[in-house]
Amino acid sequence: MTPMSDLLSFVFIAQTTMLVITCVLLVYPVVTYSRNVAHTRGLLLLAGAFCALTVSYVTAVAFGMTLVSSALDLAASLLAAAGIWQFARPFVQFDEGTVETTAVGETTGGVRECRGRLTARDSRSRRASRC
């Protein structure tokens, strides 16, 4: 083995170890203290996405399985989307009605009111900024 190969092996092992520790630190408190954790399902889905990315990294770098790695990346992205949906679900409403807005008082100004009044000289002066 060359010194560069030893360095790459060490970096791979260090990164994989940190990813696995992070997965455990994400999942363990949520599972252990699930009664005290808000959005348990969303956090578990996001942790599952991170764990899928960890396995994807290992399969791509250590084993060279790019197809399996791509499938795991897809699964991780779907898990992340589902986890984000669990957080956003209470705030999303699907109403069939349209959104109506009304102006408070009389509105003035805007592009239509200023179009006919600007000349080349006015556009360089301070009066143009009032329109």
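Bear in mind that the values in this text are calculations on the coordinates, not laboratory data. Fair warning: this is a prediction, and the values are worked out from it, not measured in the lab. Here Cβ is always computed from backbone atoms with ideal geometry, including for glycine, and neighbour counts include all displayed protein chains.
By average Cβ neighbour count within 10 Å, what is the ranking of 5-15, 73-83, 42-52, 58-68 from highest down?
Most protected by this proxy first, the peptides run 42-52, 73-83, 58-68, 5-15.
Does region 1-60 come out rounded, prolate or oblate by the C-alpha gyration tensor, with a ≥ b ≥ c the root eigenvalues, rounded set by a/c under 1.5 and, if not, prolate when a/b is larger than b/c and oblate if not?
Cα axes put region 1-60 in the prolate bin.
Spelling out what I want: for every residue of region 54-60, take phi, set θ = phi - 60°, compute 6.51 cos²θ - 1.76 cosθ + 1.60 (Karplus), and round to whole Hz; glycine and proline get x.
5, 5, 4, 4, 5, 5, 6
Say R0 is 30 Å: what FRET efficiency, to the nearest 0.05, do Phe63 and Phe94 get from their beta-carbon distance?
0.10
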